[in-house]
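K.L.:
Here you go, one structure.
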Amino acid sequence: MKKFLISIITSLFTLGFAYSTFADGHKVYGPYPITLKGYDGDKTNSVKYTGQMARQVLHDSLKALVKSGDVAKMMAYYNGEDNLEIIAPKSKDDFKIKQTMVSEIGSGNLSGKTYKGAIAGWGNLTGPEVLEHMMNKAGEVEGGFDPNTGFDYTQLISKFAMGAVFYNQAANNYLGKKMEIGQKPNSEPYKEGSYYTGKEHSWDEAFGYWGSAAHALTLSAEQNYNVAKRKDMSSADFNGDGVVDLYSEYTFAHAYYASSYDKSGKTNYLATVNQAFIDGRQVITDANGRNLNFDERTKLLAQRDIIVDNWQKVIAESVFKYAGSTYKDIVALEIIIEANGDTSDAFRTYAKHWGELKGFALALQCGPENLGETAVKLNRMMGLGPVLLNASQVVGIDSNGNFIKDQAQDWNEFKLHMLKIQKLMVDEFGVVAKAKDQLGDMEALAGSMGSADSAEND
Amino acid sequence: MDYFFDYTSQITNQFIDPKKRVFLFYILISILIATAWFMINKKLSLKKTLIKIFDKKIFFSKSAKSDYKIFLINQLIMMIVSPFLITQLTIATALYFYFHTIDWLSAGMFVGIAKIYIILSFTIFQFTIDDFSKYIVHRFMHKWPVLWALHKVHHSATVLTPMTVFRTHPLEGIIFSLRSAITQAIGISIFFYLFGNLVSLYTIVGVNIFVFVFNILGSNLRHSHIGIRYWKWLEYIFISPAQHQLHHSIAFEHHDKNFGAALAIWDWLFGSLHHSVEFETLHLGIKKNQHDATHNLKNLYLDPIHEIKKHIFNKIKKIKNKFNKIILKGRYINEV
């Protein structure tokens with residue numbers, strides 16, 4: 001009897017232990033074992049996405065540089081040259097960042113990875129041409145802002161680059177093309193001499209582009225958000241070494257925007273995407289270095305679809321949010337104009353929000369899905385440039401890269417377009433967080449009045 | 001199983017939601033008002049009053065029983081149909097968008113006005129426009145033959161109980177839903193456009209305060225055998241229960257009178273007002289010696305459809321005849 005009891009207790013303990021490590025292992029992305037057949041090196045962790053995190057830092061630094069107007073410096077980060085200092089994110093107060101040079105994280109560039117297709121919303125230039133055009137234009141103005149066109153290049157470059165590089169590379173390339181049968185097989189190394197398999201590395205690279213901390217699932221949306229704001233050292237420093245490793249302990253790019261919407265409690269984008277990345281990676285790991293069978297592939301692609309779908313929604317939520325902000329800015333501007341007040345500050349805010357709207361809208365068009373009519377509507381409604389106070393607007397780009405200005409859309413119509421863009425994001429992408437919802441109060445009012453359907457005779 | 005749960009909760013909701021006419025509290029208030037009226041006005045004892053109010057002959061009549069059945073069936077039909085109906089929010093959004101294109105209007109142009117005035121005017125506006133639209137629609141239900149075919153279902157009741165409000169053809173129910181959606185949308189969009197998010201309703205237990213007052217003043221007595229009459233001057237402003245009962249009378253002089261729901265002013269303005277008469281003198285229904293078969297569910301649901309079909313065919317025939325006549329005449333002239 002005693003023996004029996006001991007064996008039961010021991011097995012319960014073992015089970016409990018196994019469960020807790022299992023559960024823990026599923027909350028952090030990596031490490032994952034080496035599964036590549038025939039590998040005889042000393043590596044034990046097959047996860048490596050240093051190039052992606054280097055690009056995250058290149059993007060943050062580039063964004064910080066735009067207002068300097070130094071085109072050569074912007075280009076250096078865009079092209080990922082050697083010996084680049086990390087301009088952002090940097091240590092702040094007790095938020096100590098481990099790396100100060102990009103090369104401490106990894107190597108890579110933004111230029112080679114930018115969406116190669118034509119960007120209809122920016123004069124049909126290709127993705128890299130758009131970024132270069134914007135950077136050159138930023139070099140011609142003070143502080144990255146052009147009051148004559150209303151272009152805020154800091155916002156335009158950053159928001160577009162996140163889509164054209166990160167979302168594009170992950171959704172179209174690593175989770176798209178490279179997940180196809182015959183592409184980057186799991187039974188072979190990613191490249192000759194790699195210690196990880198084709199599928200493992202493709203999946204890991206996509207995770208890097210997403211931009212979340214590897215341990216994001218152990219944190220709340222608020223904590224992930226505060227990490228990006230450099231306000232929560234204890235949440236960021238997962239391994240407790242006293243510094244924040246930008247490779248695995250920081251929240252970047254779209255993962256940051258996901259956390260900002262999840263904070264409202266209405267959505268769960270960050271956790272959903274991270275869980276899908278982890279579950280998908282487990283499918284690959286479990287295949288143990290052989291090619292995935294039909295069942296495994298189906299499971300993996302289901303996780304891929306969750307990631308891409310939610311990623312797209314995060315960008316659509318951002319378009320929704322900034323269309324709402326722009327609408328509010330226009331209303332504020334109208335009041336100031338009516339009172340003959342000074343519009344300069346309000347115009348600057350308006351241009352900033354419009355720039356974010358434009359950047360995210362262009363980013364949305366760099367995904368795997370051809371948005372067709374939705375893209376046309378989106379581009380036309382927001383215009384190539386924002387409507388300016390003198391009723392003019394940038395309407396095109398000539399062959400020398402100069403902006404062509406013409407009579408603007410009607411001011412009221414332009415304002416209405418912001419609402420229509422919000423509605424479009426709801427109808428086409430099913431956004432839920434709906435930050436800065438300009439129709440939300442009306443919806444609440446309608447809700448308070450009760451449903452209209454009743455088969456009653458008064 | 002889910003559908004069954006939705007269905008039962010929808011039915012229960014009719015009695016526990018203060019936004020609904022037959023909310024149990026409103027019914028209770030109506031009973032109290034009826035009791036007081038019988039005891040004070042008609043000088044009846046409490047026992048006699050209660051017997052009179054809960055008259056078995058009325059509540060278990062063939063007419064009333066079909067009211068109950070229609071109620072149960074229509075709830076199911078509306079549950080299926082309502083997701084396909086346009087919502088007030090869809091219409092309000094379209095109107096709100098449209099207002100942006102009007103040059104002399106600008107969003108939030110009156111946000112400076114004190115909130116109390118905005119809420120008060122919205123509450124009054126919503127109640128008034130809702131009541132007026134009920135008047136208009138009701139009038140059309142009587143005047144247009146196709147609509148009358150549907151509305152006749154309601155008027156075929158030979159006794160009135162609070163449940164008679166549900167004695168409505170489902171197609172008529174759809175018309176009412178659209179009416180409600182449109183009027184709500186008009187108020188919501190105009191006010192929200194002009195006053196921004198300062199707009200809200202004055203409510204009691206979540207109901208427009210005026211609707212609440214209408215209901216606790218015995219709205220359920222409109223469809224009942226309790227013929228409460230108001231002073232003559234008051235019947236120009238508010239429809240008394242007896243005035244609505246008169247609307248259900250088959251007497252020729254009562255035809256097409258008192259279309260109003262809460263306010264009598266619409267009837268007064270458009271010449272359809274009739275002051276109340278003693279309830280006992282009224283004969284309710286659609287015609288004298290009305291057949292019991294008019295209370296059969298099959299007839300109640302299908303007769304209007306047949307009637308509408310017949311009406312439309314007749315119209316087409318007439319047009320055809322007219323057309324033929326013109327063509328024949330043309331030929332004749334040509335031949336001559």
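K.L.:
So which residues in the stretch A:306-344 are touching a residue at least 60 places away in the same chain (Cβ under 8 Å), closer than 25 Å to B:Asp103 by Cβ and of a type in the set (Val, Ile, Thr), if there are any at all?
P.N.:
Scanning the stretch A:306-344 gives A:Thr326, A:Ile330, A:Val331.
K.L.:
If B:His223 satisfies all but one of (1) crowded, with 23+ Cβ neighbours inside 10 Å; (2) modelled with pLDDT under 95; (3) farther than 30 Å from B:Thr101 by Cα, what's the number of the condition it fails?
P.N.:
So the condition that B:His223 fails would be (2).
K.L.:
Being in contact with a strand residue (DSSP E or B) (Cβ under 9 Å, 6 or more places away or on another chain) and at negative phi is the requirement here; does A:Ala302 meet it?
P.N.:
Taking the combined requirement at face value, the residue does not satisfy it.
K.L.:
Hey, another quick one. Under 9 Å between Cβ atoms, which residue pairs at least 6 apart in sequence (or on different chains) link something in the stretch B:271-290 that is over 15 Å from B:Ser224 (Cα atoms) and touching a residue at least 40 places away in the same chain (Cβ under 8 Å) with a partner that is among the basic types (Lys, Arg) and in a loop (DSSP other than H, G, I, E, B)?
P.N.:
As it stands, the answer is B:Ser272/B:Lys257; B:His275/B:Arg229; B:His275/B:Lys232, since those pairs meet every condition given.
K.L.:
Of the residues B:Ile33, B:Ile119, which is within 14 Å of another protein chain (Cβ to nearest Cβ), surrounded by 17 or more Cβ atoms within 10 Å (Cβ to Cβ) and modelled with pLDDT of 90 or more?
P.N.:
Unique residue meeting the criteria: B:Ile119.
K.L.:
Here is a list of conditions, (1) within 8 Å of chain A (Cβ to nearest Cβ); (2) over 15 Å from the mean Cα position of the chain (by Cα); (3) under 30 Å from B:Ile58 (Cα atoms), and B:Phe176 meets all of them except one; can you say which number that is?
P.N.:
(2)
K.L.:
Now a separate question. Select, from A:Ser202, A:Ser194, A:Ser91, the only residue that is surrounded by fewer than 17 Cβ atoms within 10 Å (Cβ to Cβ) and of a type in the set (Ser, Thr, Tyr).
P.N.:
Within the list A:Ser202, A:Ser194, A:Ser91, the selection yields A:Ser91.
K.L.:
Filtering the stretch A:369-391 down to residues that are in a loop (DSSP other than H, G, I, E, B) and touching a Gly at 6+ places or on another chain (Cβ under 6 Å), which residue is nearest to A:Gly176 (Cα to Cα)?
P.N.:
Top of the filtered list is A:Gly385.
K.L.:
Mind checking which residues of the stretch B:195-210 are facing chain A (nearest Cβ under 7 Å) and either among the small types (Gly, Ala, Ser) or closer than 28 Å to B:His154 by Cβ (or both)?
P.N.:
If the condition is that a residue be facing chain A (nearest Cβ under 7 Å) and either among the small types (Gly, Ala, Ser) or closer than 28 Å to B:His154 by Cβ (or both), then B:Ser200 is the only one that fits.
Yes/no matrix, rows are residues, columns are (1) touching a Ser or Thr at 6+ places or on another chain (Cβ under 9 Å); (2) of a type in the set (Ser, Thr, Tyr); (3) at pLDDT below 95:
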{"position": "A:Val57", "(1), (2), (3)": "no, no, no"}
{"position": "A:Ile87", "(1), (2), (3)": "yes, no, no"}
{"position": "A:Val102", "(1), (2), (3)": "yes, no, no"}
{"position": "A:Ile105", "(1), (2), (3)": "yes, no, no"}
{"position": "A:Ser111", "(1), (2), (3)": "no, yes, no"}
{"position": "A:Pro128", "(1), (2), (3)": "yes, no, no"}
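K.L.:
Checking B:Ile51 against (1) under 30 Å from A:Gln438 (Cβ atoms); (2) without any contact (Cβ under 8 Å) to a residue 40 or more places away in the chain, which single condition isn't satisfied?
P.N.:
Just one mismatch for B:Ile51, condition (1).
K.L.:
Suppose we filter B:Phe140, B:Phe192 for residues that are more than 12 Å from chain A (Cβ to nearest Cβ) and either under 24 Å from B:Ala264 (Cβ atoms) or part of a helix (DSSP H, G or I) (or both); which single one remains?
P.N.:
B:Phe140
For every residue, the table says whether it meets (1) within 14 Å of another protein chain (Cβ to nearest Cβ); (2) more than 21 Å from B:Ser200 (Cβ to Cβ); (3) of a type outside the set (Asp, Glu).
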residue: A:Ser399; (1), (2), (3): no, yes, yes
residue: A:Ile404; (1), (2), (3): no, yes, yes
residue: A:His417; (1), (2), (3): yes, yes, yes
residue: A:Gly430; (1), (2), (3): no, yes, yes
residue: A:Ala433; (1), (2), (3): no, yes, yes
residue: A:Leu439; (1), (2), (3): yes, no, yes
residue: A:Leu445; (1), (2), (3): yes, no, yes
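K.L.:
Free of Cβ contacts under 8 Å to residues at least 60 places away in the same chain and in a helix (DSSP H, G or I): does that describe A:Gln303?
P.N.:
So A:Gln303 fits the description; yes.
K.L.:
A:Val394 is checked against (1) of a type outside the set (Ser, Thr, Tyr); (2) closer than 27 Å to B:Asp103 by Cα; (3) in a helix (DSSP H, G or I); (4) modelled with pLDDT of 95 or more and fails just one. What number does that condition carry?
P.N.:
Against the list (1) of a type outside the set (Ser, Thr, Tyr); (2) closer than 27 Å to B:Asp103 by Cα; (3) in a helix (DSSP H, G or I); (4) modelled with pLDDT of 95 or more, A:Val394 comes up short only on (3).
K.L.:
Mind checking whether some residue in the stretch B:231-238 is outside any loop (DSSP other than H, G, I, E, B), without any contact (Cβ under 8 Å) to a residue 12 or more places away in the chain and within 12 Å of another protein chain (Cβ to nearest Cβ)?
P.N.:
no
The values are calculated or read from the model by the stated rules, or taken from the named source; none is laboratory data. None of these values were measured; they are calculated from a predicted model. Here the Cβ is made from the backbone with ideal geometry for all residues, glycine too, and neighbour counts use every protein chain on show.
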